[in-house]
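Let me begin by presenting the structure, written as structure tokens, before commenting on it.
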Amino acid sequence: MQYRSGPVTLCLSSRSKCLLASSYGLVIFGAISLASLSSVCLGQSETSQSETTNSSHLVPDSTVFYVSVPSFKSMSEAFGRTGFGRMFKDPALKPFLKDLRGQLEDKFAEQIRRSGLSLEDLQEIDAGEVAFATIVYPDGTTSRSGSSFLIEVGDDESLGDRLLSQIESNLQSRQAKKMPDVDVSGVKVKYYEPKRDAGEIRKPRVYLTQVADWVVVTNQRPVLEMLIEAVLSGTSSSLASSSSYQFVRERLDANEVQSEPHLTWYASPFALAKVIRDEQVTPGQTSRYLMAMEKTGFDVVKGVGGDFSFDVNGDDYFFQAFVSVPGEGPLLERLNQSSKMLSFFASDEDADFQPGPWVRDSAADVLTWYWDSGAAFRAAEPLVDELYEEGTFQRVVNDIRNAESTQVDLPALASSLGPRWTYSSEVVRPLDGASEKLLLAIELNDPETAKVNFRNYLKADWYRQREVETTAGLELWEFEGEPIDDEGIIDLLDPDSADPEDEEPIEEGLLLGMRAFCFPEGQNYVLASNDPDYLLEVVDAEKGLADLPAYSALRDQLQPHLSGTPSFYSFALQDRVHELSYHLLREGTLPESETRLEQMLRMVFGTENGVIREQEIDGANMPEEYRTVVAPYLGPSGWLVNSEENGWVIVGAGLKSASSDE
């Protein structure tokens, strides 16, 4: 059995117990994905931005999620100058990209369509800023939420009329029922009721109107009233006036970027999580984990926001984000309870982001970070106990330490690891579902303690030592897939659910998800991989990915945007990163693979274990020659994270590909 908990992964198979932590990478990924999807679907419309109030001054301070695109024209033109933009104009890719656009809109633009809007409407109409906001409002003794679009049309009445007319036409084509108009503060508002989807909790509604320079479209009347009042009379309690939003914006604006961002976003993470939870008929596991996190210290994070720009500073794109923890004094002292798991710090003296040669020059990407895993392990106790029951964490630690078959001191093991961790991937041929090879390298600050506890852990977790003839002195442990005779590490959280005489182990219970571990002779590292043979290949590698000039150049380029020594550095060669996913999508076999992309998609779509996910994108029209058709458009990319006094700053960029100069 395996339990996963948001930023904590607690692997608790019938033979395995381990605690891990991850960062706010999904926040970054979500921002990039939103910017990319918006830009992919843009045309070359003639737009203008009038001198009016920014929408952040109109939406209320109860806004929990906010995205603003100041100018679709500017973003579209800038995107067209990037590698992705030029790729989307390639005649060889036109049939697939046209099909992809339709599929992406079908799958991911439902919120826009339900409002009566379409991306075509936004690109064809000469509008200014376009914003989306999720807004919480009081409803008796509780609170509800609504979604809203604000579209700046300026003083051109015909522009607003054309947009409203198109929205109504879209709603009618989707068989939305026209209801009597409503009056709000003297403003006439159109009102429609779309057909209810299966499983939808609340009756769908769409209100649309033009107020001064803005077309407003929303699904809740209280939100409509708030926005109309703000446009007509102003508001002293807007998002722009909220301390959390201002705190995030002030840090982001402190970075000097050559142009204004093409997209900005902001979220109040736990308030947004509650909104999502309230919209679910049966709250899922993710909601349970987020509730536990909020109760165990992670609520020190008050706001998260970022910017995204295309074709800036000579690069394809630049993005930045800030995870804010307002307060006085050092950040580590203000983190409390389980939020101390976010102990990502690197000193000027120790910071070294050059990965070992095990990350070969043929690798696709690499991430190096500095993490106090001992402090993180200790801090996990409140979160684990909140998720299960009080005393669970210590019971697990004590039982594993005292069990005759294991004798693993988990606190000592965690403290002996790090602070330097490196994770990389490489795609090997032939291309298939098993081509993605993963490598994890963990520095050992106390090698003897680490090795003793690691060996005991591996013995109890169905790993066996393998004889290695090719590399002298190499100690290699490989997952054999056969249960041991004694009880080993039983499922201590739910003893009734685990049978020590199970016929075979659960693959998901692999320690850190890896099938093999090794201790290179004379090196204070433990290496792990999802493929034992790959581990043997790279352990003696001589030339690494860090030898490429772009590896250091990108880091040096991003460093000035940070105020101190970064704790994370990620570097990727996008042409290598995407090749396997492209091939599997084209073959229609991505859901059958165990790639990181597939695991992420399974999480996003909530696919149950043991069920093969239906592929969302049809790759039938994808060109076969990836290396000559697609790869030339893709350049290196990377990002840095720095732990500052008031939170974490993330900056990243995508460099132009070599073909950009041709």
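Some points to look at:
- The range 292-297 - phi-based ³J(HN,Hα) in whole Hz, Karplus 6.51/-1.76/1.60, Gly and Pro as x: 5, 4, 4, 7, 10, x
- Amide hydrogen neighbours beyond the local backbone of GLY647, cut-off 5 Å, H modeled: VAL325
- Note on the range 243-344: with charges restricted to the Cβ of Lys and Arg (+1) and Asp and Glu (-1), its dipole about the Cα centre is near 720 debye.
- Each Lys and Arg contributes +1 and each Asp and Glu -1, all at the Cβ; summed about the Cα centre of the range 515-662, the dipole is approximately 360 debye.
- Surface accessible to a 1.4 Å probe, VAL452 within the full protein complex, Å²: 80 Å²
- Mean Cα-pair separation over length for the range 205-309, i.e. relative contact order, pairs under 8 Å, 6 or more apart, %: 26 percent
- SER567 long-range amide H proximity, modeled H, under 5 Å: VAL641, ASN642, SER643
- Think of the range 338-379 as having a plus end and a minus end, set by charges on the Cβ of Lys, Arg, Asp and Glu; of SER343, ALA376, GLY356, ALA376 sits farthest toward the positive end of this dipole.
- With a 1.4 Å probe rolled over the protein heavy atoms of all chains, the accessible area of ASP181, ASP365 falls in the order ASP181, ASP365, largest first.
- With the simple model of a label 7 Å out from the Cα in the direction of the Cβ, ALA541 to GLU592 spans 2.8 nm.
- With θ taken as phi - 60° and the Karplus curve 6.51 cos²θ - 1.76 cosθ + 1.60 applied, the whole-hertz 3J(HN,Hα) list for the range 342-348 is 8, 8, 9, 9, 9, 7, 4 Hz, x standing for glycine and proline.
- Accessible heavy-atom area order of ILE276, ILE167, highest first, probe of 1.4 Å: ILE276, ILE167
- Take the Cβ atoms of ARG162 and GLU480, set R0 to 41 Å, and the FRET efficiency comes out at 0.05.
- Computed from backbone phi, the HN-Hα couplings of the range 171-177 come to 5, 5, 5, 9, 6, 6, 8 Hz, rounded to whole numbers (Karplus: 6.51 cos²θ - 1.76 cosθ + 1.60, θ = phi - 60°; Gly and Pro given as x).
- 5 angstrom amide H check on GLU475, placed H, neighbours 5+ away: PHE519, GLU521
- Rolling a 1.4 Å probe over the protein heavy atoms leaves PHE247 with an accessible area of roughly 60 Å².
- Placing LYS178, LYS190 in order of accessible area, with the largest value first and a 1.4 Å probe, yields LYS178, LYS190.
- Given a 1.4 Å probe and the protein chains as shown, ARG81 ends up with an accessible area of around 120 Å².
- Take the range 184-232 with all the other protein chains still there, run a 1.4 Å probe, and you get 42 Å² of accessible area per residue.
- Solvent-accessible area per residue for the range 394-481 (1.4 angstrom probe, square angstrom): 43 Å²
The values are calculated or read from the model by the stated rules, or taken from the named source; none is laboratory data. Everything numeric here is computed off the predicted structure, so don't read it as measured data. Every residue, glycine among them, receives a Cβ derived from its backbone with ideal geometry; neighbour counts consider all protein chains shown. The accessibility values were calculated without ligands, DNA or RNA, using every heavy atom of the protein model including side chains. Shrake-Rupley method; radii C 1.70, N 1.55, O 1.52, S 1.80 Å.
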